[in-house]
Amino acid sequence: MEFGVCVASHVNDIDYIVRAEELGYSHAWCADSQMLWSDCYATLALAATRTSRIQLGTGVAITGTRPAPVTAGSIATINALAPGRTFLGLGAGNTAMRVMGLPPDRVRDLERYVQTLKPLIRGEEGIYHAKGREIPVRHVMPDDGFVNFRDEIPLYISGFGPKSLAVAGKLGDGAVLALPATPGVMLNVKHMLQNGANQIGRDLDHEDYYTTALTAIVVLDDGEPINSDRVKSECGAMAMAAIHYSYEQVRNFGRQSGGALKYVWDDYVKMIESYPEDRRHQRIHAGHNCYVIPEEERFLTPDVLKASAMIGTKDQLIDQLSALDQAGLDQVMVLPNFDTRFASIERLANEVLPNV
């Protein structure tokens, strides 16, 4: 199993990616959320000039905010700076779209976007759908160092449900997943990926198909409670992002919350719905995967923390990660709180990574 870092893109924080490379992390995934963080491609460009080994790419680029030809040109530019170590993570965009008060792209739109994009990132002609037209497009000046299509750009598609996972299995070189809770869940995810692959006669077991899951990981000290201040300082933002996501699902699709959230749900809804509805989308994702807003700290119960992150002793984490490795998960990318990001990846690299 490999380990990567998911980065809240920050043009003044390239040292974090540099340190991740020094510690042996394999990938840096720069998130693409234009109303939250720095531009992901600007961040990747700076990172490319200061690193030499770590794989660099988007984690993930959003279909709804950039037309496919724009995404292709952007990632091929990074590939000119980091040849042979550039990848493209792609998704329909929950937070990047929600923070603008818009829904993510539908799965059928994601699939059509990928069909346009795949030939473009190979330097070939693609069919771009715009303004009721089907327009053949390609990069017309690929040979003077503006971009690089000679070195392959792997495409990893984000999927959480059966339909999006099917698209990932059908069209992707790999998939970006929520962390499977158990090896059994990982096997079920692989089945959904293969269902999509079956549509075009692919057998993912006989391909170099790459799966990556996002989480935060906290190594507990001996006797440390799961909701200690230190634990919350490392993974509390990930836990709150899960609540934000659940609220959007309930509000937009009528899905009922349950499980770990049931004991905090009514209180959270009352708090968030005290904000004006026409600007509530600006508040829901405040602090997203970086900080915990003070009025939200009370929602970080032990159950919520356990449900949204990997928290355990060194030996417990090694056992869990090894089981997921055996079930076919190729990489875990970690996204700790912003203020504790360096300490978090240092400890993980020293105590866990060498043993998985």
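The values are calculated or read from the model by the stated rules, or taken from the named source; none is laboratory data. Everything numeric in this text was worked out from a predicted model, so none of it was measured. Every residue, glycine as well, gets a Cβ built from its backbone with ideal geometry; the counts of neighbours run over all protein chains shown.
If you take the residues in the stretch 49-70 that are among the hydroxyl-bearing types (Ser, Thr, Tyr) and over 20 Å from Gly4 (Cβ atoms), which one is surrounded by the most Cβ atoms within 10 Å (Cβ to Cβ)?
Residues of the stretch 49-70 that are among the hydroxyl-bearing types (Ser, Thr, Tyr), as a first pass: 49, 51-52, 58, 63, 65.
When the remaining residues are screened for being over 20 Å from Gly4 (Cβ atoms), the result is 63, 65.
Details: Thr63: 28, Thr65: 18.
So, considering only residues that are among the hydroxyl-bearing types (Ser, Thr, Tyr) and over 20 Å from Gly4 (Cβ atoms), the one surrounded by the most Cβ atoms within 10 Å (Cβ to Cβ) is Thr63.
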- Only unsatisfied item for Ile272, checking (1) under 25 Å from Gly312 (Cα atoms); (2) in contact with a helix residue (DSSP H, G or I) (Cβ under 7 Å, 6 or more places away or on another chain); (3) outside the structural domain of Ile345 (by TED's automatic domain parsing); (4) in contact (Cβ under 8 Å) with a residue 24 or more places away in the chain, is (1)
- Item | Conditions (1) in contact (Cβ under 8 Å) with a residue 60 or more places away in the chain; (2) more than 19 Å from Leu220 (Cβ to Cβ): number failed by Leu348 | (2)
- Message: Among the numbered criteria (1) surrounded by 16 or more Cβ atoms within 10 Å (Cβ to Cβ); (2) farther than 19 Å from Ala239 by Cβ, which one does Pro276 miss?
- Response: (1)
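Yes/no per residue for (1) buried (at least 17 other Cβ atoms within 10 Å of the Cβ); (2) without any contact (Cβ under 8 Å) to a residue 12 or more places away in the chain; (3) outside any strand (DSSP E or B):
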| position | (1), (2), (3) |
| --- | --- |
| Gly287 | yes, no, yes |
| Glu297 | no, no, yes |
| Leu305 | yes, no, yes |
| Ile311 | yes, no, no |
| Asp315 | no, yes, yes |
| Gln320 | yes, yes, yes |
| Phe342 | no, no, yes |
- Could you say whether any residue in the stretch 118-140 is part of a strand (DSSP E or B), buried (at least 19 other Cβ atoms within 10 Å of the Cβ), touching a Leu at 6+ places or on another chain (Cβ under 6 Å) and modelled with pLDDT of 95 or more? yes
- Could you say which residue among Tyr156, Tyr113 is in a strand (DSSP E or B), farther than 27 Å from Gly259 by Cβ and in the same structural domain as Trp37 (by TED's automatic domain parsing)? Tyr156
- Query: Which one of Val137, Val167 is more than 22 Å from Thr212 (Cβ to Cβ), touching a helix residue (DSSP H, G or I) at 6+ places or on another chain (Cβ under 6 Å) and of a type outside the set (Asp, Glu)?
  - Reply: Val137
